[in-house]
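Read through the structure below, which is laid out as structure tokens, and then see the notes.
Coordinate-derived values only; no laboratory data. Predicted, not measured: the structure shown is a model, and the values here were computed from it. So basically every Cβ, Gly included, is an ideal-geometry build from the backbone, and we count neighbours across all protein chains shown.
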Amino acid sequence: FHAACGRMLRRDAERLGYRSTFTIYDQADQVRVVRACLEDLGVDPKRFTPRGIHNQISNAKNPLIRPDAYMSRVASFYDKTVAEVYERYQRRLIDSNAVDFDDMLMLTVEALERFPEVREHWQHTFRYILVDEYQDTNGVQYGIVSQLAAAHRNLCVVGDPDQSIYRWRGASIRNILRFREDFPGARVVALEENYRSNNVILRLANSLIRHNKHRREKTLWSGKGEGGKVRVVAMPDAETEADWVVGEILEKQRLRNRAWDDMAILFRMNTQSRVMEEKLREHQVPYKLIGGQSFYERREV
């Protein structure tokens, strides 16, 4: 979205009060501007952190809430501070001929909505539109897709409401749940065959996700057969968990004669690897870290 909107804005920036040579501020630049706005208002940045204020501004831009609209929703002293910073923040960006990442999307929607000739140009340019991970789009992204697809209605989205995980970042599951209502006549193709897992795992996943209140019903299945039972083991802390995992590996290698490279440890975040690595080294289990850097190979270590 950002790459496409950047291209579109370079062409139409002057209609919105920017020059086509505008600068795109990164995260550090954005927080720096917020800090300057707080200082202008005489607000202690230790009391209201610039990063926290910026997060609130970003959350407002995702559903297209502009500074004046945000000010009308103020419900606390903190909200009032955010509103005042938001207004100054936008003014500073315009004066500097700069945009942040959220502005790239918000300004694109504004150009498409306000200027028919701009909308017609980009509708003709993008005659076929494909959006991946549609369950994680937000309000402003929905606005861009709706405007661009309105003329030709050649829109294909791929997504799964059961995998929507970015609500904290402004994503709206409504976009995919109401797709058929928003785009009448759309053909829906359910991709229910799973190529990664076996049926035991999929039945477990189905039984859990079925409790979600807002979803489209579907049943995942696999051609890989049943597979073994799923075992859930609760651990009090990371070290106990690592001891248990390494114990399982040693048992399979020594008692069941399994090769080291028949076994893998999957974890969600790179930070979880350290305690596992410590236990593997302690028990002299050879390992290879895939997709990250070993804690002990980092330069500072």
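A few notes on this one:
- The chymotrypsin sites (Phe, Trp or Tyr not before Pro) of the stretch 230-301 that meet both conditions, a loop assignment by DSSP and at most 16 other Cβ atoms within 10 Å of the site Cβ, are 267.
- The modelled label-to-label distance between residue 151 and residue 40, using points 7 Å beyond Cα along the C-beta direction, is 3.8 nm.
- Legend: Rg and Dmax of the chain, from Cα coordinates, 25.1, 73 Å.
- With a Förster radius of 25 Å applied to the beta-carbon distance between residue 120 and residue 188, the computed FRET efficiency rounds to 0.30.
- Between residue 68 and residue 92, the simple spin-label model (points 7 angstrom out along Cα→Cβ) gives 2.3 nm.
- Under the span-like rule (Cα at least 18 Å along the axis, Kyte-Doolittle mean at least -0.5), DSSP H helices of the chain: 27-41, 101-114
- Among 248, 192, 110, the largest mean-square fluctuation in a Gaussian network model of the chain, built with springs joining Cα atoms closer than 10 Å, belongs to 248.
- The stretch 127-202 shape via C-alpha gyration tensor axes, a/c threshold 1.5: oblate
- Just so you know, the Cα atoms of the stretch 128-263 work out to an Rg and Dmax of 20.8, 66 Å.
- Distance between modelled label sites at residue 59 and residue 281, nm, 7 Å Cα→Cβ extension: 4.0 nm
- Evaluated over the chain, the count of Lys pairs having alpha-carbon atoms less than 26 Å apart is 9 (only pairs 8 or more residues apart or interchain).
- Most fluctuating residue given options 180, 19, 281, as computed from a GNM of the chain linking Cα atoms under 10 Å: 281
- Distance from the stretch 213-253 to the stretch 1-16 (C-alpha centre basis), Å: 46 Å
- For the chain, a Gaussian network of Cα nodes joined below 10 Å ranks 131, 189, 233 by mean-square fluctuation, and the top entry is 233.
- All Cα pairs of the stretch 1-85, percent lying beyond 23 Å: 32 percent
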